[in-house]
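These notes concern the structure reproduced below.
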């Protein structure tokens, strides 16, 4: 039985709270995994043909890097920023509660859930009612443009997936999920590391996409470890408010990020490699979940199978008879 994802906001809007912030935010320097690292992770995770994979993964122009251009730079939930927290045993006066930090992290998860739902709907345009790939909607002879506007169905699916996967990749670079603290006292400049090697259970995007938002939010919140933290960054938070003051908080740039191998937190053990491998395993999970959702949502005339075929092949009209 097919089960379409619950109705959500229009595909051109991730969350209403971001709209004003997005319009006001000027371009700025990248503060996530570099485009090259996003490309490395995405290429390693996806068994796609080369032209399609480049559209998704390219260090500058790929869909997975679209959120690092323009006003998207400074929207914290699009990079899993500002979910910072230290337990009282590490800092009895930390200015944010566990609940506040979890709320910011869930705003990041919500962007990916919304994008997943949008991508499932956009995939409907890849094939006709009889399950035949639509050549005009899957053609990549000209590059896609990631402008949140109507485009070929394949470009629309790639954009929604790429913008949804970007914050998921960033989570592994911006959090202490997979890393270890440096030797010495644990605190603001050296938050604890969770050293987890599994994918994060609260990033179960396919499952959440089929649930009521209140229900999956409640479930995901219960799955967030007490000592999980990302870093404070002076960008727009989930309410659309720009916070310039990270004083007294775990800071993205100085304490936690592993955006490059040269970042301070990357220099402890294999922290950078663990962030990369965690993000790679996560995108593999996300792609497998998306494929499964297409098969479940569009079973008639094997339309879901044809959609998957159209997404992974460069010339789907020939490769997906």
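Derivation of every value follows stated rules applied to the coordinates shown; laboratory data play no part. Just so it is clear, the structure is predicted and the values come from calculations on it, not from any experiment. Here the Cβ is made from the backbone with ideal geometry for all residues, glycine too, and neighbour counts use every protein chain on show.
A few comments on the model shown:
- Taking other Cβ atoms within 10 Å as a rough exposure proxy, 290, 272, 33 sort from fewest to most as 272, 290, 33.
- Added length on full extension, which subtracts the Cα-Cα distance from 0.36 nm per residue, residue 139 to residue 221: 25.5 nm
- Among 274-280, 247-253, 194-200, 112-118, the order from most to least packed when residues are scored by Cβ within 10 Å on average: 112-118, 274-280, 247-253, 194-200
- In this simple spin-label approximation, residue 69 and residue 260 carry label points 7 Å from Cα along the Cα→Cβ vector, and these lie 2.1 nm apart.
- Residue order, fewest to most beta carbons within 10 Å, for 171, 202: 202, 171
- By the beta-carbon count within 10 Å of each Cβ, the least crowded to most crowded order of 307, 211, fewest first, is 211, 307.
- Its relative contact order, with pairs defined as Cα atoms under 8 Å and 6+ residues apart, puts the chain at 27 percent.
- Percent of Cα pairs exceeding the 27 Å cut-off, where the set is the chain: 40
- Modelled spin-label separation between residue 89 and residue 296, with each label point placed 7 Å from Cα along the Cα-to-Cβ direction: 3.8 nm.
- Whole-Å semi-axes of the range 68-151's equivalent ellipsoid (Cα gyration tensor): 41, 15, 8
- Highest average first, the peptides 38-49, 87-98, 310-321, 152-163 ordered by how many other beta carbon atoms sit within 10 Å of their residues are 152-163, 38-49, 310-321, 87-98.
- Projected onto their three principal axes, the Cα atoms of the range 186-298 cover extents of 48, 33, 23 Å, largest first.
- The alpha carbons of the range 236-321 stretch over 58, 35, 21 Å along the principal axes, in descending order.
- Cβ-derived FRET efficiency at R0 22 Å, residue 148 paired with residue 128, nearest 0.05: 0.30
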